[in-house]
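Single-structure report; data block below.
Since every read-out is calculated from the coordinates, none of them should be taken as a lab result. Since the model is a prediction, treat every value here as computed from it, not as a measurement. Reconstructed Cβ throughout: ideal geometry from the backbone, glycine too, with neighbour counts over all protein chains shown.
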Amino acid sequence: MKKISALVLLLLIIFLGWYIYSVSTNRIEKNKVGLSAPENLQNEDIVIESIQKKVKSIDDEKDYQVKTLDNEWFVARNIVRDNGVIIDGYVKDGQISKITEKIGLSYGVRIYEYYLVDKKLIYVNEKEDYYPYDNDSSTFNYAKLESGFEAHHYFHENKLVQTKISGEKKFPENDVNLESLFTSTATEYVDLLTNI
């Protein structure tokens, strides 16, 4: 009985050692661009700098064909926002390089800018500006927008590698997988804009 218990304990230790090794190896492989591995912080900086250069190049380009999904397109599909939504796709040489999504809300405007290279998401700029609330009249001042929240999301091989945030959202989403949300949204918008 003691031999069986010792054998089971030994197998358990071997299994746990293998499991810990495989998890840590997978984590290092997953974070090659340096999310949490201190030795790869320099690599993360290089990846972010490369993404920033690509984003600037996309923004500097002036000869885009712009494809638009306007508010009527969304209303026809029962997708309604308080103050409308519009999506623009910027196309060059048959490839969508940038997508802007502007959503009108009762309390402000939410803007997403998706940047793509070879149909792969590399960057998302997420911004919310708010209409100031006038306590005396108990209404929003729709003639003015104030900066409220901005986030810069950097992607490498469709993996979220870094997010930089300033400000706070009025209504933060909890438990949202941003990597999955942004990559699937960008893919969906590329498909929609390609087919119009």
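Where a ≥ b ≥ c are the square roots of the eigenvalues of the C-alpha gyration tensor, would you call segment 54-194 rounded, which needs a/c under 1.5, or, failing that, prolate if a/b is larger than b/c, or oblate? Can you show the working numbers first?
Working: a/c = 1.88, a/b = 1.44, b/c = 1.30.
Here segment 54-194 falls in the prolate category.
Taking the number of Cβ atoms within 10 Å of each Cβ as an exposure proxy, the fewest-first ranking of Thr163, Thr139 is Thr139, Thr163.
State which entries of Lys67/Lys170; Lys120/Lys164; Lys98/Lys164; Lys56/Lys159 exceed 29 angstrom in Cα-Cα distance in the structure shown. Intermediate values should be presented prior to the final figure.
Numbers: Lys67/Lys170 31 Å; Lys120/Lys164 20 Å; Lys98/Lys164 20 Å; Lys56/Lys159 20 Å.
Result: Lys67/Lys170 exceed 29 Å.
Taking other C-beta atoms within 10 Å as the exposure proxy, Leu160, Leu145 rank Leu145, Leu160 from fewest upward.
For each of Tyr114, Tyr64, Tyr154, count neighbouring Cβ atoms within 10 Å of the residue's Cβ, then give the residues from fewest to most.
On the way: Tyr114 27, Tyr64 15, Tyr154 23.
Neighbour counts put them in this order, fewest first: Tyr64, Tyr154, Tyr114.
Treat each spin label as a single point 7 Å out from the Cα along the C-beta direction, and report the Ile165 to Leu192 distance in nm. For Ile165 paired with Leu192, the spin-label model returns 2.5 nm.
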